[in-house]
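A.B. asks: Dumping the structure here so I can ask a few things about it.
What follows draws every value from the coordinates through simple rules; no lab data is involved. Predicted model only: the values in this text are computed from it and were never measured. As a convention, Cβ positions derive from the backbone with ideal geometry for all residues, glycine included, and neighbour counts pool all protein chains shown.
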Amino acid sequence: MTTAEPVGNQIVILEPNGRLTAETVDEFTQTVSRWLGQGSRDVILDLRYVTYLDSAGIGALAQAYKWSERSGGRLVFAHVVGKNLELLRITKLLTIFQVYPSTVAARSSLTGQREAAPA
């Protein structure tokens, strides 16, 4: 199950819960797609409640990242710790994904960059 919390006009925090595996990625990708389709430009993925990631889960994270970029936004991660952090490190996704210690820090990175962009 993935819960969502809109923050401002164009940012949404998504919190997948439990295992992000081949059995559960469909709901996750549908949720991401729905929020991007409704006009959310930037996505914060809070992984604090994800207890297990498999290759399908990693693929779904990469797909969500691409979708966000295609919609002109950004996808960043928050609360990635333990085995999930190690998995992103091993797969070299930490060189692509931006990971923050909290949703507050992730949100600041998104709003700060938008405000700093030339008008």
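A.B. asks: Does Ser102 qualify as being surrounded by 13 or more Cβ atoms within 10 Å (Cβ to Cβ), over 22 Å from Gln30 (Cα atoms) and hydroxyl-bearing (Ser, Thr, Tyr)?
C.D. replies: Considered against the rule, which asks whether it is surrounded by 13 or more Cβ atoms within 10 Å (Cβ to Cβ), over 22 Å from Gln30 (Cα atoms) and hydroxyl-bearing (Ser, Thr, Tyr), Ser102 comes out as yes.
A.B. asks: Right, here's the next one. Can you tell which of Glu15, Glu23 is within 23 Å of Ser108 (Cα to Cα) and surrounded by fewer than 21 Cβ atoms within 10 Å (Cβ to Cβ)?
C.D. replies: Answer to the selection: Glu15.
A.B. asks: Does the stretch 99-106 include one or more residues that are closer than 18 Å to Pro6 by Cβ, touching a residue at least 24 places away in the same chain (Cβ under 8 Å), under 12 Å from the mean Cα position of the chain (by Cα) and assigned to a helix (DSSP H, G or I)?
C.D. replies: yes
A.B. asks: Now a separate question. Report the residue count in the stretch 4-43 for those that are within 16 Å of Ser71 (Cα to Cα), in a strand (DSSP E or B) and touching a Lys or Arg at 6+ places or on another chain (Cβ under 8 Å).
C.D. replies: Number satisfying all stated conditions: 3.
A.B. asks: Right, here's the next one. Can you name the number of the only condition in (1) among the hydrophobic types (A, V, I, L, M, F, W, C); (2) within 19 Å of Val104 (Cα to Cα); (3) more than 13 Å from the chain's Cα centre (by Cα) that Val50 fails?
C.D. replies: The number of the failed condition is (3).
A.B. asks: Okay, next question. Can you tell me which residue among Ser55, Ser33, Ser68 is crowded, with 21+ Cβ neighbours inside 10 Å, of a type in the set (S, T, N, Q) and out of contact with any Pro (no Cβ under 6 Å at 6 or more places or on another chain)?
C.D. replies: None of the others qualify; the one that does is Ser68.
A.B. asks: Further question on the same structure: Of all residues in the stretch 44-64, count the ones that are in contact with a Lys or Arg (Cβ under 7 Å, 6 or more places away or on another chain) and hydrophobic (A, V, I, L, M, F, W, C).
C.D. replies: The qualifying residues number 1.
A.B. asks: Restricting attention to the stretch 55-77, which residues are of a type in the set (A, V, I, L, M, F, W, C) and either in contact (Cβ under 8 Å) with a residue 40 or more places away in the chain or assigned to a loop (DSSP other than H, G, I, E, B) (or both)?
C.D. replies: Ala60, Leu61
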